[in-house]
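The values are calculated or read from the model by the stated rules, or taken from the named source; none is laboratory data. Treat the numbers as computed from the prediction; the structure is a model and nothing was measured. No Cβ is skipped: glycine too gets one built from the backbone with ideal geometry, and neighbour counts run over all protein chains shown. Calculation scope for accessible area: heavy atoms of the full protein, side chains included, ligands and nucleic acids excluded. Shrake-Rupley method; radii C 1.70, N 1.55, O 1.52, S 1.80 Å.
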Amino acid sequence: MSQRQNPPNGTAVGLAALWMTGAILSFCLMAVAARELSATMSPFQILFLRSLAGALFIGLFVVRGTPELLRSAQPRLQALRHSIHFVGQVLWILALAWLPLALVFAVEFTSPIWGALTAMLLLGERLDRRRALAMALGFTGVLIILRPGFVALEPVILAALGAALAFGIINAMTKKLVQTDRPWGILFWMCTSQTALCLPFTIPLWVTPTAVDLPWIAA
């Protein structure tokens, strides 16, 4: 049975905006850390360390809760979401290593466009005029930054575009998942599944972290 969603009030919207601001700051710090670690580590090892740390951290809260936190009414959607997120994260780290940060973030701004399109298909959301205008302006802005036809489109930009597409899709999937599943459970299964997915690629490419790497790993 899906959890009943009440219309958000002003306080809830304000708190959501604060949480989102904190998330953006965290993503920026993570991007800088991933870029620094990319000089010596493979994307799979970086994602492995991140996912393992996330699983352990979230596990501390899960063990203090109830088994309900980990139960999923949509296990197939969970598995699909986490697999797409795994691919998106690997592409994102590759883009961070090869492209200027400003360009990566600019391309990543297309993820809401892909998310809105996915939400139309997955959740049946309607595309009103305001959303359509925002999507058009956002896509135009990305085209201005990339300037296809005036500047040679580097193949590596496809990694950033692929990551943005993956993130947009998983955002819509997450919105559907939270209707039935707990956020802690979604995050826990994401981290544990991605730890397992990274392991076969991480072992043969393993690089022992140095003292210089430890602060970036912690970040």
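So what is the accessible area of the range 59-215 per residue, in Å², with the probe set to 1.4 Å?
Here the residues of the range 59-215 average 58 Å² of exposed surface.
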Original post:
From the backbone phi of the range 35-49, what are the Karplus-calculated ³J(HN,Hα) couplings (6.51 cos²θ - 1.76 cosθ + 1.60, θ = phi - 60°) in whole Hz, Gly and Pro given as x?
Top reply: 5, 5, 6, 5, 5, 10, 10, 6, x, 5, 5, 4, 5, 4, 5
Subject >> Stretchable slack from V156 to R76, in nm (0.36 nm times residue separation minus alpha-carbon distance) >> reply: 25.7 nm
**OP:** Could you work out the local net charge near L137, counting Lys and Arg as +1, Asp and Glu as -1, over the other residues with Cβ closer than 12 Å to its Cβ?
**Re:** +2
**OP:** In whole Hz, with x marking every Gly and Pro, tabulate ³J(HN,Hα) for the range 130-143 from phi via Karplus 6.51 cos²θ - 1.76 cosθ + 1.60, θ = phi - 60°.
**Re:** 5, 5, 4, 5, 4, 5, 5, 5, x, 5, 5, x, 5, 4
**OP:** Go through the range 71-87 residue by residue and turn each phi into a ³J(HN,Hα) via Karplus (6.51, -1.76, 1.60, θ = phi - 60°); whole Hz please, and just put x for glycine and proline.
**Re:** 6, 10, 8, 9, x, 5, 5, 4, 4, 5, 4, 5, 5, 5, 5, 4, 4
Original post:
With Cβ to Cβ distances under 14 Å as the rule, what net charge do the other residues near S72 carry (K, R +1; D, E -1)?
Top reply: +3
Original post:
Which of W189, W206, W114 moves the most in a Gaussian network model of the chain with Cα springs under 10 Å?
Top reply: W206
**OP:** Could you work out how far apart the two model spin labels at R131 and T180 are, taking each label as a point 7 Å from the Cα in the direction of the beta carbon, and quote it in nm?
**Re:** 2.2 nm
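May I ask for the net charge around T174, where only other residues with Cβ less than 11 Å from the Cβ of T174 are counted and Lys, Arg are +1 while Asp, Glu are -1?
+2
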Original post:
Which one of I144, I186, I46 has the biggest mean-square fluctuation once the chain is modelled by GNM with Cα springs under 10 Å?
Top reply: I144
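Any chance you could run the full-extension gain for A219 through F105? It's 0.36 nm times the residue separation minus the Cα-Cα distance, nm to one decimal.
Fully extending the segment from A219 to F105 adds 39.2 nm.
At R0 = 30 Å, how high is the FRET efficiency between F139 and V207 if r is their beta carbon distance? Nearest 0.05 is fine. Before the final figure, lay out each step's value.
Details: r = 38 Å, r/R0 = 1.28.
Here the calculated transfer efficiency is 0.20.
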